[in-house]
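Quick note: the coordinates plus some simple rules give every number you see, no bench work behind them. Remember, predicted model here, so these are calculated numbers, not experimental data. Reconstructed Cβ throughout: ideal geometry from the backbone, glycine too, with neighbour counts over all protein chains shown.
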Amino acid sequence: MRKLAWAARGTAAVAGALLAGALVAPSALANDDPTPKDTQAQADTSKECSVKRDVSSTVVDYSGAGGLFETVFRAATDRKGHAFLNDSRNPGVWINLGLLAGAPRCVSGTAVSVTEEDPGHLYITLLASNGVIRQAVCSTSSGTPFTPANLPAACGAGFAPLSDTPVV
């Protein structure tokens, strides 16, 4: 009977150690953020990004805007803080704005606006969860809808922080 009690205690101790290790050690699958590790240094990696969803849109309503008339640009975030752009000329395609240089990792708000000139500019403004506001200015001179392949070229330097904005 002593051998059976000793085996039961040993099994319970091993099971407890495995459970404690599973709860303490982070899972390799827990962080599915596609951002390379070296660029995550800007963000606070001690906590997972979790924000409410946000959406914004703008429409070109100037008929002289070189084929852009009634084009709708939409920006949205998911619950993990990734931001996406949709060009209504390319229905169903949402471009991850993380493709652009300087894009914030944990986005809590979006805004888009467009100038109605030919050529014009699309302004994409993102509010990071740490309060930093970053903006990209993209050329709308091409009649081609935005795609993941052509957006980085259209947006040039990518996102840059707006100067003199408050950080919360």
**OP:** Amide H neighbours of S108 under 5 Å, at least 5 residues apart or on other chains, H built in the peptide plane: list them.
**Re:** L127, A128, S129
Subject >> Phi-based couplings in Hz for segment 97-112 (Karplus 6.51, -1.76, 1.60; Gly and Pro marked x) >> reply: 6, x, 5, 7, 4, x, 5, x, 7, 10, 8, 10, x, 9, 8, 10
Original post:
Across segment 83-89, in residue order, what do the Karplus-derived ³J(HN,Hα) couplings come to in whole Hz, using 6.51 cos²θ - 1.76 cosθ + 1.60 with θ = phi - 60° and x for Gly and Pro?
Top reply: 10, 9, 10, 10, 10, 4, 6
Subject >> Cut-off under 5 Å, modelled amide H: who pairs with A101 long-range >> reply: F159
Subject >> Ranked packing of 49-57, 73-81, 99-107, 153-161, most packed first, by mean Cβ within 10 Å >> reply: 99-107, 73-81, 153-161, 49-57
**OP:** Over 26 Å, how big is the tail of the calculated P(r) for segment 44-157, in percent of all Cα pairs?
**Re:** 16
**OP:** Apply the Karplus parameterisation 6.51 cos²θ - 1.76 cosθ + 1.60, with θ equal to phi minus 60°, to every residue of segment 128-140 and state each ³J(HN,Hα) to the nearest whole Hz, in sequence, with x for glycine and proline.
**Re:** 6, 5, 8, x, 7, 9, 10, 9, 10, 10, 10, 7, 9
